1. For chain B, how big is Rg over Rh, using alpha carbon atoms and the Kirkwood form of Rh?
2. Considering Cα pairs under 8 angstrom that are at least six residues apart, work out the relative contact order of chain A and quote it in whole percent.
3. Which net charge results for the neighbourhood of B:GLY6, defined as the other residues with beta-carbon distances under 10 angstrom from its beta-carbon, given Lys and Arg at +1 and Asp and Glu at -1?
4. Check B:ALA30: other-chain or 5+ apart residues with amide H under 5 Å from its amide H, H built from backbone geometry?
5. Taking the Cα centre as origin and putting +1 on Lys and Arg beta-carbons and -1 on Asp and Glu beta-carbons, what dipole magnitude results for the protein assembly as shown, to the nearest 20 debye?
6. Can you work out D for the protein assembly as shown in µm² s⁻¹ from Stokes-Einstein, where Rh is the Kirkwood radius over C-alpha pairs, the temperature is 4 °C and the viscosity is 1.567 mPa s?
7. For a quick check: with amide H placed at 1.01 Å from N, whose amide H comes under 5 Å from A:TRP254's, ignoring anything fewer than 5 positions away on the same chain?
8. Within a 10 angstrom radius of each residue's Cβ in A:5-15, how many Cβ atoms of other chains show up on average? Whole number is fine.
Amino acid sequence: MNENLPLRDVRIVDLTMGWAGPLASRHMADMGAEVIKIEACSHPDWWRGYDHSSETLAAREHEKIPSFNMINRNKLGVAIDLTQADGRDLALRLVERADAVIENQATGVMDKLGLSYEELRAVNPEIIMLSLPAFGAEGPWSGYRGYGSTVEHGAGLPHLTGGPDDPPMMTHVAYGDACGGMNAAAALLVGLFHRKRTGQGQRIDLSQVEGVLQQGVHGTIAQGLNGAPPPRTGNRHPVFTPHGVFACAEPDNWLVVAVTGDEQWPGLCQVIGRADLGADPALSSAEGRRDQEDEIEAAIAVWAKTLAGDAAMQALQDAGVAAGVARRPSELSQDPAYQARGFWRDMDREVVGVKPQPQTPWRFNGERGPLRRPSPLLGEHNGEVLGRVLGLTADEIAALEGAGIIGDKPVIPA
Amino acid sequence: MSALEGLKVVEFGEGVALGYCGALLAACGAEVIKLEQPVTGDAVRRLPPFAEGVAAPEASGLHAFLSTGKSSVAIDLNNLDGVALARRLALEADLVLDGMGPGKADAVGLGYDALHAQAPKMTMLALSWFGGDGPRRDWQGSDAIAQALAGFIYPIGQKDGPPVIPGGYFAQITGGLTAFIATMGALVGGLSGDEGVLIEQSILEAQTTYTESAGVRFAYDGAASVRKGVNIFTPTYPQSIYPAADGWIGVTALTPAQWHACCELIGAPELFDDPRFITSRLRNDRADELDPLLIPLFRKRTALEWFHEAQARRVPFALVPTMADLADLDHFQAREVLAEYQHPDLGRFTAATIPWKLAATPLAKGGSAPRLGQHSREILAGRLGLDADQIAELAVSGTVGLGRIGS
């Protein structure tokens, strides 16, 4: 099924949970890698929810979480109790047959489980192991923990958003996770490329905070070049003028306008019915317009208030002016422009039925990454993985199940 | 050995996303030749941060960061002779990065189909704001526009609006990073014997990685996204930033155990038992009631004290360092988060370096960035075998730029 995909001969043992690590392994799986996601019945991925009761488990709520079902497609799922010797042994045997291991357990957990890099390398000298703790695996704060919000805080990026009188402003509650996951996928692929050329594996340490800091790299450049951070300009831009967010006719409907080049200015003036501004030679350059930015913004605001956001956006884009509505995230799967490019595709999954999946943001020779299988139910592929990959017999698998080493029913920790 | 040693890359077109993808390749050891228009260069050269007192087109620190480790060759791609040179360089490459915009490389004869016919192993990335097809193909983009359409800015800012645009180059860095992922995937496939691949990717769809879960969630529960206020996001709280005695402390307390430890730490154990705030969701809905109780408490101690003591209790607080603080914090120093960059006109400066720590194949830390056209002679002679007279002739006709010599 994955014979044409670029990572078709790559096998990854995936000990990640939440968003960051599973995004990285989804990218691998979408490009054809065989990703074996290891959970445990007593420690399911916390993105399946972390406040379960016997009632929620009976209702299979842990199989109904939209974000979990979005981020774990194309992966195989096994549930192995790694705290038992026989469970650890199964994991090591999978590692022996893998190219890479990726994990984002809390610091110290892998060591406690006896699955440190040294122990993995002992069974597979060519293994790549990538860890993505919040602050990195080395350094004074390496033991510190974090969610996506912590990662955003820790990189200092909130100082780069908002106006001069605003407090440091967070931009999204947990985008740090996704950023960390992208960096992890990128670094892992570099490791895989090197391994394929030379046979050499290695340890990869990725700090999520440092990954996110790249999204604000202009802040560090400004500080390094001039000894001062970039000015906080709110919704204005240091070069593009005008540049702002304008209220449209419907409540809470907003249009972003960004004049990214002087050639866009006459078109903007035409569309908003202010040809007089377009004819003013003083306003033909961004520098000139900056002196009258308040007046220009007021003129755009008057016009925007009369229109629906999408109509205003279309009118400006038709005139060659950069503009876009501030889409609600919840509206994305209805956006016709995404649909026209095939970004969303439906996929059937047990328990939840047909639901949309976002596609890979890239296409290879015109094709997005295929949807090969839905996100695994807890322990769904125990038999397949242990049988096909490790060569265990049905009896051996049944015995492991009887001993509670593997399973498919979540257990609420005592 | 660098991981990508020997990999030949040619980058043409413009923009931060394209440049960042190339910068990641260069930091991993690839030989990246950046083609720029003579005289004006990449549009990124006109984007801040700028060094004070340095003239265009060399004043942009952003451009220097993105060009570090690359060779700059100035070739006019509006000129048939220039295109012919670019084509010869591209045909020698393992990977071509095209940021000209949809259809433009094809129009000048540098598109994938034309190159692939002669170089079947060559992989090409076509990167653009909105993708190579669809109703927005020819729209004007910008970082703010991509963030807006991706649903990224809507939840940011005051409840009654307007949404707030994060500063800098958020969507473009994300677009370049995502393009790098796709590109590396194709290159790994190449080592398994695959032919070259045309990779098509939009910056908008890369930026959607942050918000796509909300699009999925809507199909499950039909709930519309909301904007609740500055530093308040659904569904949990506190997940925010408070003023400390000397700066800002990032506070995250989601689980009952974290909230309990947080209340103990700040000397308000009664808050944990307060039924108004008993769940994370209730705290989120009643942030207006909770914050007046928390703010005076957080003001009592320094951010560094809160940070270390909370982390000791396994509560994920964080310092919110300013850009100046980053250089002074021991953890970031120990990890060499900032590295030295240099450029003939900008001199030496520090910036956040590409952060992946691969033990066996470490990435370049910082490095040197070229002036516009600094490597034109070297590459035209070394790669294409042109002699000095031929190069001089191309320079006289304006087909190539040879860069400024001296200081």
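Throughout, read-outs are computed from the coordinates displayed, never taken from laboratory work. What you see is a predicted model, and the numbers here were worked out from it, not measured in a lab. Note that we place each Cβ from the backbone using ideal geometry, even for glycine, and neighbour counts take in every protein chain shown.
1. On the way: Rg = 25.1 Å, Rh = 23.9 Å.
Across chain B, the Cα-based Rg/Rh ratio is 1.05.
2. Details: 733 pairs, mean separation 81.9, N = 414.
Dividing the mean separation by the residue count of chain A yields 20 percent.
3. Details: positive: A:ARG197, B:LYS8; negative: B:GLU5, B:GLU31, B:ASP94.
Taking every other residue near B:GLY6 into account, the sum is -1.
4. For B:ALA30, whose amide H was placed from the backbone, the distant partners under 5 Å are B:LEU4.
5. Working: 69 positive and 100 negative charges, 104 e Å.
Its charge dipole is roughly 500 debye.
6. Details: Rh = 27.3 Å.
In µm²/s, the coefficient rounds to 47.
7. Those lying under 5 Å, H to H, from A:TRP254 are A:CYS248, A:ALA326.
8. Average neighbour count from other chains, rounded to a whole number: 3.
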